[in-house]
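**Q** Take a look at this one; I'll ask things after.
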Amino acid sequence: MKFSNLLQYFSPKEKKFYAIFNSAVANILETSNELVSLVNHDQVEERKTIRLKIKNLERQGDVFTRQVFDELNRTFITPFDREDIHQLASNLDDVLDLMNGCSEKIIFYNCTTFSTNMREMAKNIHKGCNELQKAVVGLEGLKSPENIMKACEEIHAIESHGDELYHMAISHLFENEKDAIELIRQKEILRMLEKACNKIEDVADVIKTIMIKYS
Amino acid sequence: MKFSNLLQYFSPKEKKFYAIFNSAVANILETSNELVSLVNHDQVEERKTIRLKIKNLERQGDVFTRQVFDELNRTFITPFDREDIHQLASNLDDVLDLMNGCSEKIIFYNCTTFSTNMREMAKNIHKGCNELQKAVVGLEGLKSPENIMKACEEIHAIESHGDELYHMAISHLFENEKDAIELIRQKEILRMLEKACNKIEDVADVIKTIMIKYS
Amino acid sequence: MKFSNLLQYFSPKEKKFYAIFNSAVANILETSNELVSLVNHDQVEERKTIRLKIKNLERQGDVFTRQVFDELNRTFITPFDREDIHQLASNLDDVLDLMNGCSEKIIFYNCTTFSTNMREMAKNIHKGCNELQKAVVGLEGLKSPENIMKACEEIHAIESHGDELYHMAISHLFENEKDAIELIRQKEILRMLEKACNKIEDVADVIKTIMIKYS
């Protein structure tokens, strides 16, 4: 019996997982939006406000992750493999943590200059989170597996593009930046942005694993 | 049957685990003490002597970790889940490794300045190790689960405080340090101290998992 | 029945694993050779060419890793524990990734100076990969377990030597390098070389685990 045929038998308990994942991914999308905003604001006070917003979103994300783990402990039948649910939740949490880490470094490192490459990387992460939402939301009901796979492919391309942006940014930095402390600042933030982008692909990989098992 | 009622039936083999863990955590506490001493000594030769002491403590810790793993392979019945024993031993080993890493960096990076924040972070780690000892030693016999949980809560607060200290120290560094090489030194050591402090909480989390399962 | 006596019954499918591992480790050895070459070339254009070669070898390595995972999914009976095969493949992949990471950093960081210590570290990695090949190739047929164990011991010594080289290099750097950006470059590349060397020992550890189980 196909996964899609099973769906009609889902108990409300199982549906809870989808509800939490949908909230978690909406929270991530909002965070990525704030991250783009953060690297596009010239005033330090505005950046500090945005950073606090991101911190709150990160805390909210922790609540969702804990809810998934609690449901896993309470629920016998899960919509897909327990291990995959666990992986999905913890990778989503990692994406959020890394975006929060970016925003922390920007503030604590006293970062004031945001290069075009850095802004592009933040925008690229936001695009990735957008596709992530499509993929995660699609899991419930599985009405259009093709759309989920398409979003995952898109994320793969976004990650590759992110890699390129990162390499360009790092090369540019080591060629042109003469102020060592400024180089440290930029280098560390770029690396954190790259990590966040990579992690989005890890989520997509978990989703692809789920798709392969159930379709 | 409660975990505490089971204890009377423990074979000497099972008791071995507690003995090793108690030695491991005493070793860790001693190391944290040396770490505090390290960042409070002005003479480089004294620091080198302390660093060698820490290196030896780290090697002794490796012996304890190996003993736990050997016992796990030899023993059929263990006082708690094999996986939890494994996690506990390897997380304790990580705490030790990270403190050793701090002391290595201080020497190899030729670090000579120790800020108040850095000293506070080392002291905070030492406090964490102190609570860690209470929690680990309490596992044997489980006479006072409340005290174990209290120590874990304390560790949680210590980790939060460590985070704050770290953020303050990093912000202060990027605002005030004009010598880039000095900034690199301090930044890397602060990060290592923060990692060590975080890892103490990972141990506490394993202990909490054990407590939840058996009480 | 001993592992060696079992070998005659191996189906062609199981032999596939050895073939893939042999290709993977030959690929790694070639990469380590290119890495030595990379830090011994004075011309940036030559270095860029070598870096592209390494990138291609890394992609080829990904193919081998995927082949192992695909075979694991397809094959019911494996020459040794599935988990160990998985670990072996993924650790080999990590060795390759880290060497590729070294070469990337050398190019993107615009690194032009290669210290004696750095060259020694690259040579040491190459020696480690050489021993790795002996150990991995020896797994098929297991005709000489002593040689496999000898190669693993050798890798252990190589890793210790690598640690010493790394510490010497880092100490030397922080004592003598006055240009902060150059210090960052060298420091990061040294750390990556050290990581690659450590990872070779992780592979040796997996091989030792396999040997202990089956001999």
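The values are calculated or read from the model by the stated rules, or taken from the named source; none is laboratory data. What you are looking at is a predicted structure, and each value in this text was computed from that prediction instead of being measured. FYI the Cβ positions are ideal-geometry reconstructions off the backbone, even for glycines, and counts take in every protein chain you see.
Conditions (1) farther than 17 Å from A:GLU34 by Cα; (2) within 14 Å of another protein chain (Cβ to nearest Cβ); (3) buried (at least 17 other Cβ atoms within 10 Å of the Cβ), marked per residue:
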| site | (1), (2), (3) |
| --- | --- |
| A:ASN117 | yes, yes, yes |
| A:LYS134 | yes, no, yes |
| A:VAL137 | yes, no, yes |
| A:GLY141 | yes, no, no |
| A:GLU153 | yes, no, no |
| A:ALA169 | yes, yes, yes |
| A:ARG191 | yes, yes, no |
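**Q** Would you check if A:ALA24 is buried (at least 20 other Cβ atoms within 10 Å of the Cβ) and either within 24 Å of A:GLY141 (Cα to Cα) or free of Cβ contacts under 8 Å to residues at least 12 places away in the same chain (or both)? Please lay out each step first, then the result.
**A** Numbers: buried (at least 20 other Cβ atoms within 10 Å of the Cβ): yes; either within 24 Å of A:GLY141 (Cα to Cα) or free of Cβ contacts under 8 Å to residues at least 12 places away in the same chain (or both): yes.
For A:ALA24, the condition - buried (at least 20 other Cβ atoms within 10 Å of the Cβ) and either within 24 Å of A:GLY141 (Cα to Cα) or free of Cβ contacts under 8 Å to residues at least 12 places away in the same chain (or both) - is met.
Quick grid of which residues meet (1) among the acidic types (Asp, Glu); (2) within 14 Å of the chain's Cα centre (by Cα):
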position	(1), (2)
A:THR49	no, no
A:GLU58	yes, yes
A:VAL63	no, no
A:GLU71	yes, no
A:ASP84	yes, no
A:LEU96	no, yes
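**Q** Condition first: within 14 Å of another protein chain (Cβ to nearest Cβ) and of a type in the set (Gly, Ala, Ser). Now tell me which residues in segment A:155-167 satisfy that.
**A** A:SER160
**Q** Could you tell me whether segment A:103-112 includes any residue that is assigned to a helix (DSSP H, G or I), buried (at least 19 other Cβ atoms within 10 Å of the Cβ) and away from chain B (no Cβ under 14 Å)?
**A** no
**Q** When you look at B:LEU173, is it modelled with pLDDT of 95 or more and closer than 23 Å to B:ARG59 by Cα, yes or no?
**A** Values: modelled with pLDDT of 95 or more: yes; closer than 23 Å to B:ARG59 by Cα: no.
Against the criterion (modelled with pLDDT of 95 or more and closer than 23 Å to B:ARG59 by Cα), B:LEU173 does not qualify.
**Q** Also: Look through A:GLU30, A:GLU58, A:GLU45, A:GLU71 and report the one residue that is farther than 30 Å from A:ASN117 by Cβ and either among the acidic types (Asp, Glu) or at pLDDT 95 or above (or both). Please lay out each step first, then the result.
**A** Values: A:GLU30 fails: farther than 30 Å from A:ASN117 by Cβ; A:GLU58 fails: farther than 30 Å from A:ASN117 by Cβ; A:GLU45 fails: farther than 30 Å from A:ASN117 by Cβ.
From the options A:GLU30, A:GLU58, A:GLU45, A:GLU71, the qualifying one is A:GLU71.
**Q** Going by the conditions given, is A:ASN130 within 14 Å of chain C (Cβ to nearest Cβ), modelled with pLDDT of 95 or more and out of contact with any strand residue (DSSP E or B) (no Cβ under 7 Å at 6 or more places or on another chain)? Reasoning before the result, please.
**A** Details: within 14 Å of chain C (Cβ to nearest Cβ): no; modelled with pLDDT of 95 or more: yes; out of contact with any strand residue (DSSP E or B) (no Cβ under 7 Å at 6 or more places or on another chain): yes.
Against the criterion (within 14 Å of chain C (Cβ to nearest Cβ), modelled with pLDDT of 95 or more and out of contact with any strand residue (DSSP E or B) (no Cβ under 7 Å at 6 or more places or on another chain)), A:ASN130 does not qualify.
**Q** If you don't mind, another one. Given C:LYS187, C:LYS143, which one is part of a loop (DSSP other than H, G, I, E, B) and either over 15 Å from the mean Cα position of the chain (by Cα) or of a type in the set (A, V, I, L, M) (or both)?
**A** Details: C:LYS187 fails: part of a loop (DSSP other than H, G, I, E, B).
Checking each option against the conditions leaves just C:LYS143.
**Q** Out of all the residues in segment C:50-75, which are surrounded by fewer than 19 Cβ atoms within 10 Å (Cβ to Cβ) and touching a His at 6+ places or on another chain (Cβ under 9 Å)?
**A** The answer is C:PHE69, C:LEU72.
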